[in-house]
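Have a look at the structure below before the remarks.
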Amino acid sequence: MKKMQVQGVHHITMIGADRQTSIDFWEGVLGMPFIFEQPNLDVPEESHLYFDPGDGVLMTVFTREDRVVDATPNPEGIGNLHHIAFTVSRATYTQVAARLDERGVKHSGEIDRGFMDSIYFRDPLGQLVELASYKFVPPAGVTPGEVLLEAHRLRVAEGAYNITDAHLADAIELLTKRTRQSLSDERDGRHAYTRSRRPA
């Protein structure tokens, strides 16, 4: 039996309340441009809103004007969505807590996840949202997932509890050696400063 090989997330669809609540949150809070809208083709009395998070994956929301906003946290249980995580730059990440505070939105505060930093809060309809910023930049042509796979292997070999900055740095070095050619036969670290004769 052959796999049905996926190549990425196409879109994620949420059940929304009224149209404006979705626009105010997805575009007005998270900055996702509202790019188009049409009827829900399966339920014509609903509207289907599309938002662009910035990486080609769409966030979509089914809305109806007769639905009431309910901020009760979504139930946690087997088969239920726990949270949705979105990538933010480091510059944005360092501003998230203050910008949520300005809106009176409760949040987790900044959390160090070893390979990324995260902050959690709930949307107006009770869905848990995470804004995350990786602690690393992958080498050109390498995905974050490839860096994390290599860092995981290093972590397991070391017997460490979780991925740390050292695992990430070593993973990036290994992946750079693997994906970039060099005229040098020996590419391990060297002590270049030992040959220097200039005074300090």
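Quick note: the coordinates plus some simple rules give every number you see, no bench work behind them. Just so it is clear, the model here is predicted, and its values are computed rather than measured. Don't worry about glycine lacking a Cβ; one is built from the backbone with ideal geometry, like all the others, and counts go over all protein chains shown.
General observations
- Simple label model, 7 Å out from Cα along Cβ direction - His11 to Leu81, nm: 1.3
- Angle between the chain longest axis and helix 165-179 axis [Cα atoms, degrees, rounded to 10]: 80
- Trypsin sites (Lys or Arg not before Pro) within the range 1-75, DSSP loop, no more than 13 other Cβ atoms inside 10 Å: Lys2, Lys3
- Over the residues of the chain, the helix contribution to mean residue ellipticity at 222 nm works out to -7500 deg cm²/dmol, using -39500 (n - 2.57) for each DSSP H run of at least 4.
- Phi-based couplings in Hz for the range 113-123 (Karplus 6.51, -1.76, 1.60; Gly and Pro marked x): 9, x, 9, 7, 10, 9, 9, 10, 7, 9, 6
- Here each label is just a point 7 Å from Cα along the line to Cβ, and for Glu65 and Tyr161 those points are 5.4 nm apart.
- Dipole of the chain [Lys/Arg +1, Asp/Glu -1 at C-beta], most positive-end residue of Tyr134, Ile111, Ala157: Ala157
- Distant-in-sequence amide contacts of Phe86, defined by a placed amide H-H separation under 5 Å and a gap of 5 or more residues or a different chain, comprise Glu130, Leu131, Ala132.
- Global form of the range 12-70, assessed from the alpha-carbon gyration tensor, a/c cut-off 1.5: oblate
- Ordering of 122-130, 33-41 by packing [mean C-beta count within 10 Å, highest first]: 122-130, 33-41
- Stokes-Einstein translational diffusion, the range 82-135 - Kirkwood Rh over all Cα pairs, 0.890 mPa s, 25 °C, in µm²/s: 219
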